[in-house]
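Worksheet: one structure, shown below.
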């Protein structure tokens with residue numbers, strides 16, 4: 001599991017939660033619905049807001065065996081939990097405020113110098129900042145794309161995307177403007 005809490009100013013996260021009985025004393029939220037009684041299979045986290053009581057979150061897994069991780073959002077009080085690809089955004093002091101943002105998260109990266117979190121799905125990169133959604137790229141990859149970040153210079157990100165259409169798969173370069181979300185390069189998306 002990846003953990004990057006660079007922006008976690010107003011809460012702490014404990015990833016090693018004791019067994020079910022030990023967490024019984026904490027208020028419990030099972031996602032994606034946020035109820036206390038919905039299914040319990042998924043990633044268990046204990047979240048403690050600086051100005052509130054700790055609570056236990058059970059984050060249901062996505063449909064595929066993808067990324068698992070916990071990432072801080074740049075506002076200091078929201079966290080992004082990715083459980084087997086399903087990306088949840090939850091308020092640390094208000095666990096009933098949770099939204100599913102992605103179903104197939106394959107990549108996550110915090111860029112502290114740009115005050116953003118970047119996630120990828122199958123084909124695109126999506127950026128979130130202190131006030132929420134910033135941008136979503138047009139298609140950069142095709143199919144089961146994998147992304148890497150090679151270099152960041154100023155407001156430009158240089159990366160690679162794995163193109164599985166040909167065998168063997170090939171890494172293809174792309175350049176991304178971190179302010180606008182516009183890119184050059186990547187995999188040509190087939191038109192109908």
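At pLDDT below 95, in a strand (DSSP E or B) and more than 18 Å from residue 64 (Cβ to Cβ): is that true of residue 167 in this structure?
Against the criterion (at pLDDT below 95, in a strand (DSSP E or B) and more than 18 Å from residue 64 (Cβ to Cβ)), residue 167 does not qualify.
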- Message: Just the residues that are surrounded by fewer than 20 Cβ atoms within 10 Å (Cβ to Cβ), free of Cβ contacts under 8 Å to residues at least 40 places away in the same chain and either part of a strand (DSSP E or B) or within 10 Å of the chain's Cα centre (by Cα) (or both), please, taken from region 100-125.
- Response: 101
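Picking from 85, 154, which residue would you name as being closer than 18 Å to residue 178 by Cα and surrounded by fewer than 21 Cβ atoms within 10 Å (Cβ to Cβ)?
On the way: 85 fails: closer than 18 Å to residue 178 by Cα.
Checking each option against the conditions leaves just 154.
Taking region 5-31 only, how many residues are out of contact with any helix residue (DSSP H, G or I) (no Cβ under 9 Å at 6 or more places or on another chain) and modelled with pLDDT under 85?
Initially, region 5-31 is screened for residues out of contact with any helix residue (DSSP H, G or I) (no Cβ under 9 Å at 6 or more places or on another chain), giving 5, 8-16, 18-31.
Right, trim to modelled with pLDDT under 85 and you get 18-25.
Matching residues across region 5-31 total 8.
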- Item | Total residues in region 45-99, condition in contact with a strand residue (DSSP E or B) (Cβ under 7 Å, 6 or more places away or on another chain) and assigned to a loop (DSSP other than H, G, I, E, B) | 12
- Query: Which condition number does residue 135 fail, the rest of (1) surrounded by 19 or more Cβ atoms within 10 Å (Cβ to Cβ); (2) in contact (Cβ under 8 Å) with a residue 24 or more places away in the chain; (3) over 16 Å from the mean Cα position of the chain (by Cα) being met?
  - Reply: (3)
- Message: So the check is Cβ under 6 Å with 6+ separation or different chains; which pairs have a first residue in region 174-188 that's closer than 10 Å to residue 158 by Cβ and a second one that's outside any strand (DSSP E or B)?
- Response: 174/140; 174/186
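What residue, of 67, 79, is surrounded by 15 or more Cβ atoms within 10 Å (Cβ to Cβ), closer than 15 Å to residue 14 by Cα and touching a residue at least 40 places away in the same chain (Cβ under 8 Å)?
Numbers: 67 fails: closer than 15 Å to residue 14 by Cα.
Matching residue, one of 67, 79: 79.
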- Within region 131-154, which residues are at pLDDT 90 or above, out of contact with any strand residue (DSSP E or B) (no Cβ under 6 Å at 6 or more places or on another chain) and not in a strand (DSSP E or B)? 131, 138, 139, 154
- Starting from region 36-54, keep only residues that are at positive phi and surrounded by 14 or more Cβ atoms within 10 Å (Cβ to Cβ), then list their pairs with residues that are part of a loop (DSSP other than H, G, I, E, B) and at pLDDT below 95 whose Cβ atoms are within a distance under 9 Å, requiring at least 6 positions of separation or different chains. 42/60; 42/61; 42/84
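The values are calculated or read from the model by the stated rules, or taken from the named source; none is laboratory data. Owing to the predicted nature of the structure, the values given are computational and were not obtained by experimental measurement. We place every Cβ from the backbone using ideal geometry, glycine too, and count neighbours over all the protein chains shown.
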